[in-house]
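A.B. asks: Structure in structure tokens, see below.
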Amino acid sequence: MINAKNSLDLIGNTPIVLLRGASEATGCEIWAKCEYANPGGSVKDRAALYIVRDAEANGLLRPGGTIVEGTAGNTGIGLALVGNALGYRTIIVMPDNQSAEKMATIRALGAELVLVPPAPFANPGHFVHTSRRIAEETDNAIWANQFDNIANRKAHICGTAEEIWQQMEGRVDGFTCAAGTGGTIAGTGLGLKAKDERITIALTDPHGAGLYNYYKCGELKPEGSSVAEGIGQNRITGNQDGAPIDTQFRISDAEGLAVCRRLLDDEGLCVGLSSGINVAGAMALARELGPGKRIVTILCDSGFRYLSTLYNPEWLASKGLAEAAA
Ligand code: PMP
């Protein structure tokens, strides 16, 4: 039991659960860290708190200040709740094709939400560049810069990795997850390697991202596409740089959705697509390492955040994914 003295102390120290179906199917123990249990409902609360605390410590964020960020949504939710708890205003820039639930949550938290059309990173209208410009034009504002600000991955070195090591009682054979900013995979990977360098760190990439080919053959080459929100990266961000990746897997949306369905039907766990892709990656790692191993992955956010998409039959049919989720 945790008795938090402050709402921000609710961030981190998430439970870890043994996934029965994935474990039985592979002969390994597959454990998942329940990041949806953070107060903002996702793994990104951790990065939000570390980024804000780092900006305060460096004198960049002053009383009455504003936090500006570009995000697929979860970091925006995390920054808005951290901002509310500490007395800062937040302005969140988000592509307009992300889930309506995330947009409504950001608005409910009182943040200013700026929606932009999806655009390639090279386009100045991309949500990341738009957020940087707004920060530059706003008085007493910081740009959180979650992709390149390594306070993000520090949250996972000091938090996620340390917690996994304690919860697994020092017996971990492998860890895997997908990358958005890369903070989770790089930070948790670095933290676990510092505990035991024999732990295998695997990147699980969605289709449409360039990192699988980067780690496999040194070339950032995306192939295919994905509807997964919050993951899929085509550059080596400041947080991804130096991630200790030993092996890599590429998981399709159909595979990830099938895992989401199994988790919901067999274990009562309702999670987002990046979590389904992560568990599918953990199963691939289990098969590579062989039976009897202990593998950890991340349940990044709740499926309740995607009731209008991943858990809506009409939406799935419109994306050609109805069968995968059946
Ligand atoms: N899953 C979801 C749902 C996310 O919102 C994010 C954050 N972009 C991730 C996974 C990836 O986390 P990270 O940014 O630490 O790579």
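A.B. asks: Which residue, 32, 100, 111, has the most motion in a Gaussian network model of the chain that connects Cα atoms within less than 10 Å?
C.D. replies: 100
A.B. asks: Right, something else. Here are some pairs, 33/193; 44/193; 154/193; 102/221; which of them have Cα atoms lying more than 20 Å apart in this structure?
C.D. replies: 44/193; 102/221, as the Cα separations exceed 20 Å there.
A.B. asks: P(r) tail for the chain, what percent of Cα pairs lie past 37 Å?
C.D. replies: Tail of the P(r) past 37 Å holds 11 percent of the pairs.
A.B. asks: Can you list residues from other chains, or at least 5 along the same chain, whose modelled amide H is less than 5 Å from the amide H of residue 141?
C.D. replies: Long-range HN contacts for residue 141: 66.
A.B. asks: Let me ask you something else. Rg/Rh for segment 122-236 to two decimals, with Rh computed the Kirkwood way over all alpha-carbon pairs.
C.D. replies: Ratio of gyration radius to Kirkwood radius for segment 122-236: 1.04.
A.B. asks: I've got another one for you. Loop only by DSSP, 13 or fewer other Cβ within 10 Å of the Cβ. Give me the chymotrypsin sites (Phe, Trp or Tyr not before Pro) in segment 212-308 that pass, ordered by residue number.
C.D. replies: Qualifying residues, ordered by number: none.
A.B. asks: Using amide H atoms built 1.01 Å from N in the peptide plane, name the residues 5+ places from residue 116, or on other chains, whose amide H lies under 5 Å from its own.
C.D. replies: HN-HN under 5 Å from residue 116: 94, 96.
A.B. asks: Give me the net charge of residue 62's neighbourhood, meaning all other residues with Cβ under 11 Å from the Cβ of residue 62; Lys, Arg count +1, Asp, Glu -1.
C.D. replies: So the surrounding residues net to -2.
A.B. asks: Running a GNM on the chain with Cα contacts under 10 Å, which residue among 209, 108, 144 ends up with the highest mean-square fluctuation?
C.D. replies: Of 209, 108, 144, the Gaussian network model singles out 108 as fluctuating most.
A.B. asks: What does the charge count near residue 200 come to, summing +1 for each Lys or Arg and -1 for each Asp or Glu among other residues with Cβ under 15 Å from its Cβ?
C.D. replies: +1
A.B. asks: Could you give log10 I(q)/I(0) at q = 0.16, 0.29, 0.33, 0.34 Å⁻¹ for segment 247-290, computed by the Debye formula over C-alpha point scatterers of equal weight, without solvent?
C.D. replies: -0.38, -0.97, -1.11, -1.14
A.B. asks: For 60, 19, write out the residues from largest to smallest accessible area, computed with a 1.4 angstrom probe and no ligands counted.
C.D. replies: The most accessible residue leads, giving 60, 19.
A.B. asks: Report, in deg cm²/dmol and to the nearest 500, the calculated mean residue ellipticity at 222 nm for the chain, where each DSSP H run with n ≥ 4 adds -39500 (n - 2.57) and the sum is divided by the residue count.
C.D. replies: -11500 deg cm²/dmol
A.B. asks: For segment 185-254, which trypsin sites (Lys or Arg not before Pro) are in a loop by DSSP, counting at most 16 other Cβ atoms within 10 Å?
C.D. replies: Here the trypsin sites (Lys or Arg not before Pro) that fit, given the DSSP loop and packing criteria, are 198, 235.
A.B. asks: Of all DSSP beta bridges in the chain, what percent run antiparallel (nearest 5)?
C.D. replies: Here the share of antiparallel DSSP bridges comes out near 15 percent.
A.B. asks: Quote the Stokes-Einstein diffusion coefficient, in whole µm² s⁻¹, for segment 80-172, based on the Kirkwood radius over alpha carbon pairs, a temperature of 20 °C and a viscosity of 1.002 mPa s.
C.D. replies: 139 µm²/s
A.B. asks: In whole Å, what is the distance between the alpha-carbon centres of segment 36-74 and segment 113-142?
C.D. replies: 17 Å
A.B. asks: What is the diffusion coefficient of segment 1-68 in µm²/s, taking the Kirkwood radius over Cα pairs and the Stokes-Einstein relation at 4 °C with a viscosity of 1.567 mPa s?
C.D. replies: The calculation lands on 90 µm²/s.
A.B. asks: Tell me the GluC sites (Glu not before Pro) within segment 174-236 that lie in a loop according to DSSP and have at most 12 other beta-carbon atoms within 10 Å.
C.D. replies: Passing sites in segment 174-236 are 197, 219, 223.
A.B. asks: Rank these residues by their accessible area, most exposed first, probe 1.4 Å: 301, 148.
C.D. replies: Result, largest first: 148, 301.
A.B. asks: Near the amide H of residue 251, under 5 Å away, which other amide H atoms are found, from residues 5 or more places off or on another chain, if H is placed in the peptide plane?
C.D. replies: When sequence neighbours closer than 5 places are left aside, the close amide H contacts are 205, 207.
A.B. asks: Show me, for segment 317-326, the HN-Hα J-couplings you get by feeding each phi into the Karplus relation (A = 6.51, B = -1.76, C = 1.60, θ = phi - 60°), rounded to Hz, glycine and proline as x.
C.D. replies: Each residue of segment 317-326 in turn: 5, 5, 9, x, 10, 4, 5, 4, 8, 6 Hz.
The values are calculated or read from the model by the stated rules, or taken from the named source; none is laboratory data. None of these values were measured; they are calculated from a predicted model. Counting neighbours? That spans all protein chains shown, and the Cβs are built from the backbone with ideal geometry, glycine included. Each accessible area value is taken on the protein alone, full model and side chains, heavy atoms only, with ligands, DNA and RNA left out. Shrake-Rupley method; radii C 1.70, N 1.55, O 1.52, S 1.80 Å.
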